[in-house]
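Asks: One structure follows; several queries about it will come next.
The values are calculated or read from the model by the stated rules, or taken from the named source; none is laboratory data. The structure displayed is predicted, hence computed values, not measured ones. Cβ placement follows ideal geometry from the backbone for every residue including glycine, while neighbour counts extend to all protein chains displayed. Only protein heavy atoms, including side chains, enter the accessible area calculation; ligands, DNA and RNA are left aside. Shrake-Rupley method; radii C 1.70, N 1.55, O 1.52, S 1.80 Å.
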Amino acid sequence: MIRQKIRIGDILVEKGFINHEQLMSSLAEQKESNFSKKLGEIFIDNGYITEKEFTELLADQLNIEFIDLFAVDVDYQLMSKFSIKLLKNANTVVFNEDDEYMHVAVWDPLDYESIELLERNIATKPIKLYVALKNDIFYVFDRFEIISTTKTIVENIKKEINSGTYKTDSDQSSIMQLIEQIVKNAIKVKASDIHIEPSSFNVSVRSRVDGVLRESFVFDLEVYNALASRIKILGNLDISEKRRSQDGRFSMTVNNNKFDFRLSTAPTMHGESIVMRILDSNKILLKLKDLGMEDKNLKLFAEILSSPYGIVFITGPTGSGKTTTLYAALNEIKSIENKMITIEDPIEYQLPLAQQIQISDKIGYSFADALRSILRQDPDIIMVGEVRDAETLNISVQASLTGHLVFSTLHTNDAPSAITRMIQMDLEPYLIADSLIGIVAQRLVRKICEGCKKEIKPPVKTLEKIKDYLPEEYKFYKGEGCIRCAFTGYSGRTMISEILRISETVSHMISINMNKYEIARKAEEEDGFEPMIIDGLAKALRGDTTLDEVLRVAK
């Protein structure tokens, strides 16, 4: 191939990404590493440019097309014809072939030796080169390995289907063995959900680990109908109904532990999307101090929990750990002297000293219905799993005004927004002011793996966004990726939060319908209220999580 020589450092200076001093410093750093580090990697590590910006710029300078490997149909059968070791060593992917060219995506188009080795060993026709992101290329290799490992199971299922020996309700069938393998794999990696998603050419099974989806299996479409039908039978769903969403649940014992699964199906263009939420019935309830709250917020929350009556809201999007926080709070204040009743959908974990009620939309037993009836049960503490409508909100508030301590959740982005949300649900501001005692807004961020943590310099543009919050001296960290964290750089999750305590001043501001920005500003001045970004940055500066994670979830 034709070798082109470009001075990438000079181009970055010309484009305004770096100055001459930064270029000289990077060249010196490369020399110190005995040229083991590429200059582009040094620019990225020092935060001068992002990987995508650098890759696109390099592609433009070399007049090579940049390609998003997630947007193309990679031909894995074609890949299987070549040495995967050779492709991995060259950081290249052969993703397609037509009458004229072999289409190859490469991470480093300046690695001419690897590309020429590739041309000699795989090319039966001219190579057309593309530039792709390094992580996209790694993803393709991961997916190729997943397809290879599941090939035997899929072949057995196809044989059963084609021979007519496949039985939908059999616990010994290959399809049931496949479901068990999917479930066991998800539990092994500590996933919270399993997603089974059909596309136009295959079926992807992904597991949500630490809040992020990872692909676990890939199957042919031929297997999908049998897989979907068997899962729907497990959840007591109608297998003939594929035009509307259905919900169900089932239990399964894995490694001598019982797990409950909450099942949801939704019709999509290519078939039903199936999601299974994993609920470990043996899971030990967390204590408040184990949630990950900073000491200041923990102390503030404990003060709110000591109130004799009023309503407390935990807010955040789906999957932000609201239910876990609710359970931990109730576990903290439970007592033989108090009657505690919860209304949930579903009951995820058993709570000691609590009477737990499961609502059922199928029989018309809603949160509001249950809440009305339990007030006659003489409770001291009430937990309403979620406030979904004005009626439930109104009854919850009335309960808090009549001497009950009420806990519930709302879907809002921050703590002050919960007040606005309650007004939007037609609750009078004076009722909010009289009943509300505190709001906790939270998110979950992934923790850096301790096995591969290293100090980094974030991109200059990122630091610019948070310059007002940074101390004079600061350090940030990330995980490089190792066997312990499945090469993600993360292991486990922790909470970042903000807590708005309703003082007399804030209560008055709510009653006269002042906006959330004025309320937040006054709470900062008077009570030391801190937005969630402050809590997140404290954890990032300490090395608990990455700056990217904090900015992904906090504004």
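Asks: Mind checking which residues of segment 283-311 are under 26 Å from the mean Cα position of the chain (by Cα), among the hydrophobic types (A, V, I, L, M, F, W, C) and modelled with pLDDT of 90 or more?
Replies: The answer is Met293, Leu298, Phe301.
Asks: Among the residues in segment 229-242, are any assigned to a helix (DSSP H, G or I) and open to solvent by 70 Å² or more (accessible area, probe 1.4 Å)? Write out each step before concluding.
Replies: Restricting attention to segment 229-242, the residues satisfying the condition of being assigned to a helix (DSSP H, G or I) are 229-234.
Within this subset, residues satisfying the condition of being open to solvent by 70 Å² or more (accessible area, probe 1.4 Å) are none.
Checked against the condition, which is being assigned to a helix (DSSP H, G or I) and open to solvent by 70 Å² or more (accessible area, probe 1.4 Å), segment 229-242 yields no hits at all.
Asks: Could you list, in sequence order, all residues of segment 337-347 that are open to solvent by 30 Å² or more (accessible area, probe 1.4 Å) and either more than 23 Å from Ser360 (Cα to Cα) or touching a helix residue (DSSP H, G or I) at 6+ places or on another chain (Cβ under 9 Å) (or both)? Break it down stepwise before answering.
Replies: Our first condition is that a residue be open to solvent by 30 Å² or more (accessible area, probe 1.4 Å); within segment 337-347, this holds for 337-339, 345, 347.
Correct list: Glu337, Asn338, Lys339, Asp345.
Asks: Could you figure out which of (1) over 23 Å from Arg446 (Cα atoms); (2) at pLDDT 95 or above isn't true of Thr545?
Replies: So the condition that Thr545 fails would be (1).
Asks: Still on this structure, please answer the following. What about Phe201, is it hydrophobic (A, V, I, L, M, F, W, C) and open to solvent by less than 20 Å² (accessible area, probe 1.4 Å)? Show your work before the answer.
Replies: Values: hydrophobic (A, V, I, L, M, F, W, C): yes; open to solvent by less than 20 Å² (accessible area, probe 1.4 Å): no.
It is false that Phe201 is hydrophobic (A, V, I, L, M, F, W, C) and open to solvent by less than 20 Å² (accessible area, probe 1.4 Å).
Asks: Tell me, which residue of segment 302-336 that is in contact with a Lys or Arg (Cβ under 9 Å, 6 or more places away or on another chain), in a loop (DSSP other than H, G, I, E, B) and open to solvent by 30 Å² or more (accessible area, probe 1.4 Å) is farthest from Ser396 (Cα to Cα)?
Replies: Ranking the candidates gives Gly319 first.
Asks: Determine whether segment 26-38 contains at least one residue that is open to solvent by 70 Å² or more (accessible area, probe 1.4 Å), within 24 Å of Pro459 (Cα to Cα), hydroxyl-bearing (Ser, Thr, Tyr) and free of Cβ contacts under 8 Å to residues at least 60 places away in the same chain.
Replies: Yes, that holds for at least one residue.
Asks: Here is a follow-up. Could you say whether any residue in segment 478-489 is basic (Lys, Arg) and either within 20 Å of Thr315 (Cβ to Cβ) or over 23 Å from the mean Cα position of the chain (by Cα) (or both)?
Replies: Going residue by residue through segment 478-489, those that are basic (Lys, Arg) are 478, 484.
Now drop any that are not either within 20 Å of Thr315 (Cβ to Cβ) or over 23 Å from the mean Cα position of the chain (by Cα) (or both), which leaves none.
There is no residue in segment 478-489 that is basic (Lys, Arg) and either within 20 Å of Thr315 (Cβ to Cβ) or over 23 Å from the mean Cα position of the chain (by Cα) (or both).
Asks: Ok, one more. Can you tell which of Asp73, Asp99 is touching a residue at least 60 places away in the same chain (Cβ under 8 Å) and either assigned to a helix (DSSP H, G or I) or not polar (S, T, N, Q) (or both)? Reasoning before the result, please.
Replies: Numbers: Asp99 fails: touching a residue at least 60 places away in the same chain (Cβ under 8 Å).
So the residue among Asp73, Asp99 that is touching a residue at least 60 places away in the same chain (Cβ under 8 Å) and either assigned to a helix (DSSP H, G or I) or not polar (S, T, N, Q) (or both) is Asp73.
Asks: For segment 439-462, give me the residue count where each residue is modelled with pLDDT of 90 or more and either in contact with a Leu (Cβ under 7 Å, 6 or more places away or on another chain) or of a type in the set (S, T, N, Q) (or both).
Replies: So the answer is 2.
Asks: Here's another thing I want to ask about it. Output the residues belonging to segment 453-473 that are open to solvent by less than 100 Å² (accessible area, probe 1.4 Å), in a loop (DSSP other than H, G, I, E, B), over 18 Å from Glu51 (Cβ atoms) and not hydrophobic (A, V, I, L, M, F, W, C).
Replies: Kept after step one, since they are open to solvent by less than 100 Å² (accessible area, probe 1.4 Å), are these residues of segment 453-473: 453-454, 456, 458-460, 462-463, 466, 470-471.
Retained after the next criterion (residues that are in a loop (DSSP other than H, G, I, E, B)): 458-459, 466, 470-471.
Those still in the list that are over 18 Å from Glu51 (Cβ atoms) too: 466, 470-471.
Residue satisfying the conditions is Pro471 alone.
Asks: Next up: Yes or no: Ala191 open to solvent by less than 30 Å² (accessible area, probe 1.4 Å) and touching a Pro at 6+ places or on another chain (Cβ under 9 Å)?
Replies: Values: open to solvent by less than 30 Å² (accessible area, probe 1.4 Å): yes; touching a Pro at 6+ places or on another chain (Cβ under 9 Å): no.
No.
Asks: If you take the residues in segment 361-395 that are part of a loop (DSSP other than H, G, I, E, B) and in contact with a Ser or Thr (Cβ under 9 Å, 6 or more places away or on another chain), which one is surrounded by the fewest Cβ atoms within 10 Å (Cβ to Cβ)?
Replies: Kept after step one, since they are part of a loop (DSSP other than H, G, I, E, B), are these residues of segment 361-395: 364, 366, 378-380, 385-389.
Now restrict to residues that are in contact with a Ser or Thr (Cβ under 9 Å, 6 or more places away or on another chain): 366, 380, 385-389.
On the way: Ser366: 18, Asp380: 16, Gly385: 25, Glu386: 19, Val387: 27, Arg388: 18, Asp389: 12.
Step by step, filter segment 361-395, then rank; the result is Asp389.
Asks: Related question: Select from segment 396-416 the residues that are outside any loop (DSSP other than H, G, I, E, B) and either among the acidic types (Asp, Glu) or open to solvent by less than 20 Å² (accessible area, probe 1.4 Å) (or both) and list them in ascending order. Steps first, please.
Replies: We begin by selecting, within segment 396-416, every residue outside any loop (DSSP other than H, G, I, E, B); these are 396-401, 405-410, 415-416.
Once the filter is applied, which keeps residues that are outside any loop (DSSP other than H, G, I, E, B) and either among the acidic types (Asp, Glu) or open to solvent by less than 20 Å² (accessible area, probe 1.4 Å) (or both), segment 396-416 yields Ser396, Val397, Ala399, Ser400, Leu405, Val406, Phe407, Ser408, Thr409, Leu410, Ala415, Pro416.
Asks: Taking segment 266-282 only, how many residues are outside any strand (DSSP E or B), at pLDDT below 85 and either out of contact with any strand residue (DSSP E or B) (no Cβ under 6 Å at 6 or more places or on another chain) or open to solvent by less than 60 Å² (accessible area, probe 1.4 Å) (or both)? Steps first, please.
Replies: Kept after step one, since they are outside any strand (DSSP E or B), are these residues of segment 266-282: 269-270, 281-282.
Restricting the remaining residues to those that are at pLDDT below 85 gives 281-282.
Remaining after also requiring either out of contact with any strand residue (DSSP E or B) (no Cβ under 6 Å at 6 or more places or on another chain) or open to solvent by less than 60 Å² (accessible area, probe 1.4 Å) (or both): 281.
Going through segment 266-282 one residue at a time, the tally reaches 1.
Asks: Go through (1) open to solvent by 50 Å² or more (accessible area, probe 1.4 Å); (2) in contact (Cβ under 8 Å) with a residue 40 or more places away in the chain; (3) not in a strand (DSSP E or B) one by one and return the number of the condition Arg262 breaks.
Replies: So Arg262 meets the others, but not (3).
Asks: Here are some conditions: (1) open to solvent by less than 70 Å² (accessible area, probe 1.4 Å); (2) of a type outside the set (D, E, K, R); (3) under 24 Å from Gly292 (Cβ atoms). Gln350 meets all but one. Which one does it not meet?
Replies: The one condition Gln350 does not meet is (1).
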